[in-house]
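Down below is the structure, laid out as structure tokens.
The values are calculated or read from the model by the stated rules, or taken from the named source; none is laboratory data. Computed from a prediction, not measured in an experiment: that's the story for all the values here. Positions of Cβ are generated from backbone atoms using ideal geometry, with glycine treated the same way; all protein chains shown enter the neighbour counts.
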């Protein structure tokens, strides 16, 4: 078996093993992160038109939600809330608010948990994964609940019965992370405090926590943010795209192109696609993460296009708009990354580390000697230790 295929098999096997540990079953032809009870239509996720007046974080609607993982002892609600899209326009997003049992919500700190890549299909929305017990980052979520944190998990933009997700568009994802906290604080049933200490955390696409940290001083200046923990951060889209073309992570690269196209209408992705590309990219919007990794491993953009959009000026401009580092966060941060990361290039994360250090961010930098998928789980202990210290008011020590 060629080396690239062996590596792809290892990545897919690791991801599938993680899902099986969470009680999720399936095959490569039917997404293993499919919820146990899939509803083809759920009007809760359909935003009203027009969107009601209000401000970011205001709740449009809410409902009680199940927590599908047996050890997650918490009360949960699904929420639709006002937020801001990549163009700076008002939009509606959805998410989940969880308050652990036995905790006084009025004094509970709040962690915004940015989920990693779920995939473009409606059934892949993190709130649906959580309610069905199929959330592959449940271990990290459980850590927070067991330690007394209320947790707010955004779905990010575009998860609805006819999805238009804006995958890895940082400005939209950062707003989603911030505003799901505001929504949690405004959800009367949850009873959380508007003055609660807040932290952002996430891995991979959940590196949106870093975006939230860069946006927060201007976008939510009154939020009592005390720390950020982010791993496997996709900080520089153009570097990530060039790194993944023709490699085992091509499916997530292609999904990123779809996300940018959904966020920015002027990009006109369809105009670059050949017939094979139109069929394949349409399929990518109907599957969850494992299918993206397995079905499209080793593919190249030239197989699906008559002209590559990767370095077209209008695309590069939007990549630059969504590159981290221009507004370093004002609170302590833990940044960690897998040195053998085959999906989110290590080098671009190290550049972000250097940028934050130069800006005198109180940054703790850690490396993990493993690949991307293993990092989803092996960073959780460091994240919890870091967040506990920030909530306790302990001084942060930079490793820059």
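Observations
Per-residue answers, yes or no, for (1) crowded, with 17+ Cβ neighbours inside 10 Å; (2) modelled with pLDDT of 50 or more:
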{"site": "6", "(1), (2)": "no, no"}
{"site": "17", "(1), (2)": "no, no"}
{"site": "30", "(1), (2)": "no, no"}
{"site": "34", "(1), (2)": "yes, no"}
{"site": "46", "(1), (2)": "no, yes"}
{"site": "51", "(1), (2)": "no, yes"}
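- Residues satisfying the criterion are absent from segment 175-190 (criterion: under 18 Å from the mean Cα position of the chain (by Cα) and either in a loop (DSSP other than H, G, I, E, B) or surrounded by fewer than 24 Cβ atoms within 10 Å (Cβ to Cβ) (or both)).
- Answer residue from segment 206-224, given it is in contact with a strand residue (DSSP E or B) (Cβ under 7 Å, 6 or more places away or on another chain) and part of a helix (DSSP H, G or I) and is farthest from residue 370 (Cα to Cα) among those: 216
- Residues that are exposed (fewer than 12 other Cβ atoms within 10 Å of the Cβ), outside any helix (DSSP H, G or I) and at pLDDT below 90 are absent from segment 54-64.
- As a summary of the residue check, residue 227 satisfies the conditions (1) surrounded by fewer than 24 Cβ atoms within 10 Å (Cβ to Cβ); (2) outside any helix (DSSP H, G or I); (3) touching a residue at least 12 places away in the same chain (Cβ under 8 Å) except for the one numbered (1).
- Selected residue (only one of 342, 394, 360, 303 is surrounded by fewer than 16 Cβ atoms within 10 Å (Cβ to Cβ) and either modelled with pLDDT under 95 or over 25 Å from residue 222 (Cα atoms) (or both)): 303
- Out of 285, 314, 342, 303, one residue alone is touching a helix residue (DSSP H, G or I) at 6+ places or on another chain (Cβ under 7 Å) and free of Cβ contacts under 8 Å to residues at least 40 places away in the same chain. It is 303.
- Members of segment 239-279 that are in contact with a helix residue (DSSP H, G or I) (Cβ under 6 Å, 6 or more places away or on another chain), within 18 Å of residue 317 (Cα to Cα) and not in a helix (DSSP H, G or I): 264
- Any hit, segment 102-112, residues being outside any loop (DSSP other than H, G, I, E, B), within 16 Å of the chain's Cα centre (by Cα), touching a residue at least 12 places away in the same chain (Cβ under 8 Å) and more than 30 Å from residue 262 (Cα to Cα): no
- Lone unmet requirement of (1) under 25 Å from residue 349 (Cα atoms); (2) part of a helix (DSSP H, G or I); (3) in contact (Cβ under 8 Å) with a residue 24 or more places away in the chain; (4) touching a helix residue (DSSP H, G or I) at 6+ places or on another chain (Cβ under 8 Å) for residue 328: (2)
- For residue 317: the one exception among (1) out of contact with any strand residue (DSSP E or B) (no Cβ under 6 Å at 6 or more places or on another chain); (2) part of a loop (DSSP other than H, G, I, E, B); (3) at pLDDT 95 or above: (2)
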